[in-house]
Amino acid sequence: MDNLIRILDLNKAWAAARVAEDPDYFNRLLHIQSPEFLWIGCSDSRVAANVITGTQPGEVFVHRNIANMVVHTDLNLLSVLEYAVNVLHVKHIIVCGHYGCGGVAAAAGHQSLGIINNWLRNIEDVFRFHQDELMAIKQEDKRIDRLVELNVEEQVLNLAKTSIIQRAWKHFQAPTLHGWVYGLNDGIIKPLSQIESADALDPVYRYHNL
Ligand code: CO
């Protein structure tokens with residue numbers, strides 16, 4: 001209970017500090033929501049989108065789930081994506097994974113975790129696509145960190161496969177999709193991949209009637 005009261009107190013102090021700096025702070029935020037970025041990140045408490053990018057409220061539209069997945073049957077993700085692309089007109093979508101991701105490590109392991117198995121199944125598919133490269137890495141933590149990178153790249157491709165993104169590319173030539181990975185040990189984000197048109201996709205995934 002003490003910690004719960006602590007975060008409410010921290011909230012009051014934060015709000016008071018914002019108003020002390022700028023009396024119009026909340027008034028301004030009330031009337032604008034025009035973020036340039038959609039962030040799709042891991043739910044891990046150490047990878048807070050605004051904190052690690054030093055951005056302010058209003059700058060980043062955020063969706064987080066275990067292991068920063070883009071699953072084409074996930075109504076939550078698809079709703080966020082639809083709104084970010086077609087209402088907010090974000091310029092960039094970032095899928096940000098992180099080294100030492102527990103979700104990715106669990107997918108690489110063989111422990112049953114109940115319902116989470118179904119969520120992590122997609123990462124097991126990524127492992128299977130890159131099995132030869134991954135099994136050649138002898139050190140387990142290094143192998144999982146490489147799987148973290150490959151998973152980010154695969155989730156960026158999953159975004160590109162959606163009709164939402166392909167339609168936006170055709171009509172607005174945006175957004176650009178980015179794959180990034182964050183280092184828990186040094187706080188640094190490393191860019192891994194970037195896609196800005198359906199040309200990067202295998203033809204089997206392309207839609208022509210958008
Ligand atoms: Co994680």
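The values are calculated or read from the model by the stated rules, or taken from the named source; none is laboratory data. Model, not experiment: these values are computed from the prediction. Here the Cβ positions follow ideal geometry from the backbone for every residue, glycine too, while neighbour counts run over all protein chains shown. Quick note on the areas: whole protein, heavy atoms, side chains included, nothing else; ligands and nucleic acids left out. Shrake-Rupley method; radii C 1.70, N 1.55, O 1.52, S 1.80 Å.
For residue 44, the amide hydrogen comes within under 5 Å of the amide hydrogens of 67, counting only partners 5 or more places away or on other chains and with H modelled in the peptide plane.
Within the chain, the longest run free of trypsin sites (Lys or Arg not before Pro) that sit in a DSSP loop with at most 12 other Cβ atoms within 10 Å is 47-137. Cross-chain or 8 or more residues apart, Cα under 26 Å: how many lysine pairs in the chain fit that? Count them up, please. Taking the Cα cut-off of 26 Å, the pair count is 7.
Take the Kirkwood radius over Cα pairs of the stretch 1-111, plug it into Stokes-Einstein at 4 °C and 1.567 mPa s, and you get 80 µm²/s for translational diffusion.
Membrane-span-like helices in the chain, defined purely by DSSP H runs whose alpha carbon atoms cover 30 Å or more axially and whose average Kyte-Doolittle hydropathy reaches -1.0, are 140-161.
Ratio of alpha-carbon Rg to the 2.2 N^0.38 Å globular estimate for the chain, to two decimals, please.
Scaled against compact globular proteins, the figure is 1.13.
For the chain, the solvent-accessible area of protein heavy atoms averages 58 Å² per residue (probe radius 1.4 Å; ligands and nucleic acids excluded).
The mean of 1/r over all pairs of different alpha-carbon atoms in the stretch 99-210, once inverted, gives a Kirkwood hydrodynamic radius of 15.5 Å.
With contributions of -39500 (n - 2.57) from each DSSP H run of at least four residues, the per-residue ellipticity at 222 nm computed over the chain stands at -15000 deg cm²/dmol.
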